[in-house]
Structures are given as structure tokens and as C-alpha cells.
Amino acid sequence: TTTTMARTKQTKAKRKKLEEEESTTTEEESTTTKPQPPKNLFSSLLPPPQIRTIITQYLQDDIPSHFDVGGHVVGNTIQKAELWMKSPGVLAGIPFFNATFDVCGSCTIAWEDIAMEGQSYPNASGDNKIKLATVTGPVSHLLRGERTALNTLSRCSGVATLSNECVQIAKSNQWKGLVAGTRKTTPGFRLVEKYGLLVGGAATHRLDLSQMVMLKDNHVWACGGSIERAVKKARVVSGFSQKIEVECQSLAEAMIAAEAGADVVMLDNFEPEQLKKDAKVFKEKFPHVTVEASGGITMETMPDYFSEDVDVISQGKLTQGYDCVDFSLKIVH
């Protein structure tokens, strides 16, 4: 019995010592290891099968005859290529860059700690290049994916940069509404540009014709000029799960649209002062209906449209008139 008690005490002592050591290790880890923000802000929005399909189409477009003579020249030795940012902007499009070399096959990418989507790099330039990543793989694969990867990254970052500039203007003016893009996107490149809007802090607006109903002037005219008829016809098939927006040229049209059941009214091509005046009158009667201002609005004129009665300001230029951010991918030699 004495022996058993002694062993029990020894066991308890060892257990206590282990618990103390584990506690100490945990405390040390908690003080030395800081949680890292995700490099890809919205990558979980992008289903891998769809992304692979899109990237595969981009690569096929770049090699339509299926022979890559340049790839034959360089061969398949394993080499490294470094990604450099060479102009100021907001980084966006990492999932598309990654997917490109995933589709090319046998490549790995190591991103630098400073490479974060949504991060602005105002000092990047040709004389002050910033290294963001290193891609390793068969050299022919690296060069095969180079241009597609850079095209998506530079354009997505360009959208994010312009969007972020507009969002910062809105914040600096204490405007509480949303800066949004439009459906004016590059054919075949919509997903990349819409993703750039999100990373830049802007709203995507509807992604496509199926996501939200928008009845523009052409729809109304094709229905005999009746906004009410167009809205009610749309509601029959869209039910409760889709919002309906109506493009309006006057306060009177906005009132008709709201009374017919529209969820959003777009005050299109209004002068700033008239917009604010009409939006105020409209919101007094329909506070639950979203008011969007659109039509010819630019980053420079956007502040003129800020109003507590305007919920959304959309600009086609965010996906139509952006400057690309300059990147290069260079073989290490």
C-alpha cells in the first residue's frame, strides 16, 4: 500500500509538471505567434472548378494552335521566377494568379509576408520594385502562364485601386452609402473585375442579368412605356427572392416605380442639386426603398452627389476606365 501511494504521488507530480510545461509553452506561443490576416480577402467566394475553367479558357486563348514553340526552346528544367510590383496601387487578384500556375501544372508559389490583397503599395515604382512572390516549376510552365497571370493581376489590381480611391473619398466626406460598380465589364473578364471591386472596398452591383432585375428605359419602352406594367410582370417571375430596380428619369417615375413594388430606384443622369432635392422628397414617402445615383458620375464629381438620402452611387468607370497596375515576372538568373 505504501508503494502504491508513493507511485500515485509520483504520477500526480509528473502530470502537474507536464501541465505546467504545456501552459508555459502555450503562453510563449501566444506572445510570439501573431495571427496572420488572409492573403486572399475573398478567395472563398471563388469555387475552384469554375476558376480553373475560366483560367483554362484564358490559357487556350493564348495558345490556340496548341503548340508552344517558346516552351520547347526553354525546356522543363526547374527554375524560379519572381513577381515584382512596379507601379503604385492596391494588390488584388491573388486567387487568379495562383490558379493560372495551378492549371499550368507542377508549379508552386511562395508569397512574401508583405503580399496582402487589399493592401496599398503607394511607393511601388520602376525604381522601387516590390517583390511579392516566387514561382517555382518547369521553366516552360512558368513562361506559359506568365502573361495570363500578369494580365489578371494587373487588371484586378487596377479595379481595386480605383475603387479604393473612390471609397476613401466617400469616407473622408462622412458619406455612409455604398460606392458601386456596374455591369459595364470586359467580356470574359467580368469575374476578375467584380472581384477587384470587392477588394477595393466597393460594392459589385449585380453580377449578371440573373442576380437582380433591372428595368431600364428600353425595358419600359418595350412594355408600352408603363413602369407599373414592367414591374408587376417582373415580380410575377422573380417572386420574393429577387430585388427589382427601375431606372428613372424623373421623381415622378421613381414614385410610380416604388408604388408598383420596386425595391431600388436609380435616379439616372440627374444634376447633383436636383438629385439631392428629389431623393429627399422620395425618401420621405418611401424610406425603405434604396436610392441609387448613376449616370456620368466620376471620381472627381462624386462628392457633389453625396446625400443622406442617396444610398448608392454607381460608376461604370470603375470597371471601364481604370489604369492597370504594372507587374513583372522575371526568371531568376
Rh_Kirkwood(the chain) over Cα pairs, Å, one decimal, evaluates to 23.5 Å
Cα-centred dipole magnitude for the chain, charges only on beta-carbon of K, R (+1) and D, E (-1), debye, nearest 20: 1220 debye
Please give every one of the aspartates and glutamates within straight-line cross-link reach of Lys129, meaning a C-alpha to C-alpha distance under 13 Å, and leave out same-chain neighbours fewer than 8 residues apart. Glu82, Asp326
Accessible surface, the chain, averaged per residue in Å² (probe 1.4 Å): 55 Å²
Angle in degrees between helix 48-62 and the longest Cα principal axis of the chain, rounded to the nearest 10: 80 degrees
Apply the Karplus parameterisation 6.51 cos²θ - 1.76 cosθ + 1.60, with θ equal to phi minus 60°, to every residue of the stretch 304-313 and state each ³J(HN,Hα) to the nearest whole Hz, in sequence, with x for glycine and proline. 5, 9, 5, 7, 5, 9, 10, 8, 9, 10
Roughly how many percent of the accessible protein surface of the stretch 195-333 is carbon and sulfur, given a 1.4 Å probe and a whole-percent answer? 53 percent
Can you list the aspartates and glutamates whose alpha carbon sits under 12 Å from that of Lys243, skipping same-chain ones fewer than 8 residues off? Asp263
Too-long pairs where the Cα-Cα distance tops 31 Å, listed order kept, from Lys171/Lys232; Lys171/Lys194; Lys232/Lys285; Lys86/Lys176; Lys194/Lys285; Lys86/Lys317: Lys171/Lys232; Lys86/Lys176; Lys194/Lys285
For the Cα atoms of the chain, what angle does the longest principal axis make with the long axis of helix 2-32, in degrees from 0 to 90, nearest 10? 50 degrees
Kindly express, to the nearest 10 degrees and within the range 0 to 90, the angle between helix 139-172's C-alpha long axis and the longest C-alpha principal axis of the chain. 60 degrees
For the stretch 57-163, convex hull of alpha carbons as volume per residue, Å³: 102 Å³
P(r) for the stretch 91-234, please, calculated from all Cα pair distances in 10 Å bins and given in %. 10, 29, 28, 18, 9, 5, 0
At q = 0.21 Å⁻¹, what is the base-10 log of I(q)/I(0) for the stretch 186-333 according to the Debye formula with one equal point scatterer per Cα and no solvent? Please give it to two decimals. -1.39
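The values are calculated or read from the model by the stated rules, or taken from the named source; none is laboratory data. If you're wondering where the values come from, they're calculated on a predicted model, not measured in any experiment. For neighbour counting, all protein chains shown are included, and Cβ atoms are generated from backbone atoms with ideal geometry for every residue, glycine included. Ligands, DNA and RNA are excluded from the accessible area calculation, which covers all protein heavy atoms including side chains. Shrake-Rupley method; radii C 1.70, N 1.55, O 1.52, S 1.80 Å.
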